[in-house]
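Report on the following structure.
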């Protein structure tokens, strides 16, 4: 057929017919199906694209009556489109409405049906201004429509998963909420029924929790399924999805009740996290024998979300139980600590009372021992041999030391038993009151004013400073003139928590004691009082224990003392809520410090 005859055009190398070229392209190369009919709807041309897709060649169709060869064009109401084309009307048939014009098979995987999806254009065939027939152009849009459908389903699935996730993140009963959500999901999934089972590990049974779209009798049969049996048994045992297609032809007795209900498709998905099975989610269809891969993936993901929601609730319940147990344990521990602390305080009080009583009661026999030693030495010394006189002198010296020791013990006990009432105390006044007590204090002591005012018990602070000044005199370097310096410096907060020399024998965490209310407040200013000397110094290994009772540093054997003076300082500072420590180098003197809150 030659609907558009034209004269050949001349080009270099010979004659060229544009008309013949166009017809050749339409016949052999065009990426569309193109056929024409005359005004009686007999086929006049049929190109290679149509031949390849339909399996019908041009000789088979040319001259054939179109509606006799494809009678469904009439039953589908498309014949009138061709009649309208003879009237000059152009018709476009979309794949969304008509699916296809001619029933050609498709080779596209995952296509929604067995026929090629087509977009069709039916137009009048015009020759020299006259309508002589029709021309039909067919485009294969199966791939495009299939991908669009897949994308649309994916978006629909994502929307449903997002909705399910938003509900399951807040839920306190996931199975109940899934029961409410699922009816809105089933039309899009192509399933007609669903049911969920909760795992009962104690009885090793799957118990029906929620359902929809199943008859009452089937619901009774599914109410309780022993592990490993029934339609959900395999899924519950293996924690893997189970899919049964063509259920009507499946003779497995496990699915007999499902077959009896008319179900054609059945699938189960584990609701699990790790090795812990919470339950099983199952779906069924009365109309379809298979479930598409994307819908299977959706249901598997939904079961995972459901499992995570169940696991969250399980962990929350475990956490509540653990917190309750921990709280009960903490309360019991606190009671035990209070009881043991009270017992410890009672024991300490008894020990302090005992030490005070012993020290006090020893004073009388010690004074008697001293008196008898003096009488023996003064009245009968001329009768004693030299060895006897030496023995009496040693006895007198020992009784004198024992007397000093009992006095210091009494002082230590009194410090521990005193009722502390803090008041503003001027440090400089304390130092000046102590200066007349010793000639060395008058000559060697220098004070850097101002020293400040602290919250303290006046007598206890005086005792502490006096003991440290006396220590400086006792442990003076014989090769140098004694120098003692007292100074103070303000501090933002106490450094006891980090101080390496907080008295270990009388740690406040162990023995407790009155503390000023402002001691724990970071904004409360403090003062550190320094008592520095140029004495013999303290070895490093001794600095950590010299604040303990009866502790003395190495090299002080020839220095008179009982080893209680620094223990009194430590206990007194503890009683006042303060801290103490020392910095020292052998041969370079010592720097003792006291920390108290500013008044």
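What follows draws every value from the coordinates through simple rules; no lab data is involved. These figures come from a predicted structure and were not determined experimentally. Here the Cβ positions follow ideal geometry from the backbone for every residue, glycine too, while neighbour counts run over all protein chains shown.
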For residue 344 and residue 448 in one chain, what is 0.36 nm times their gap in residues minus the Cα-Cα distance, to one decimal in nm? 33.2 nm
Between residue 426 and residue 481, take the C-beta separation as r, use R0 = 30 Å, and let me know the FRET efficiency to the nearest 0.05. 0.55
Pull out a ≥ b ≥ c, the square roots of the eigenvalues of the alpha-carbon gyration tensor of region 9-142, then state rounded if a/c is under 1.5, prolate if not and a/b is larger than b/c, and oblate in the remaining case. oblate
Under a point spin-label approximation (7 Å from Cα along Cα-to-Cβ), what is the residue 586-residue 156 distance to one decimal in nm? 9.1
So between residue 58 and residue 72, what do we pick up on full extension, going 0.36 nm a residue minus the alpha carbon distance? 3.0 nm
With r as the distance between the Cβ atoms of residue 243 and residue 204 and R0 = 22 Å, compute the FRET efficiency 1/(1 + (r/R0)^6) and round to 0.05. 0.35
Testing the spin-label approximation: label points 7 Å from Cα along Cα→Cβ at residue 48 and residue 79. State their distance in nm. 3.5
Going by C-beta contacts inside 10 Å, put 313, 101 in order with the fewest on the left. 313, 101
Under the rule rounded for a/c under 1.5, else prolate if a/b exceeds b/c, else oblate, using alpha carbon gyration tensor axes a ≥ b ≥ c, region 257-304 is classed as oblate
With r as the distance between the Cβ atoms of residue 109 and residue 65 and R0 = 45 Å, compute the FRET efficiency 1/(1 + (r/R0)^6) and round to 0.05. 0.80
May I ask you to sort 205, 427 by Cβ crowding, counting other Cβ atoms within 10 Å and putting the fewest first? 205, 427
Need the C-alpha centroid separation for region 173-224 versus region 257-319, integer Å. 9
Given labels modelled 7 Å from the Cα in the Cβ direction, how far is it in nm from residue 123 to residue 38? 2.3
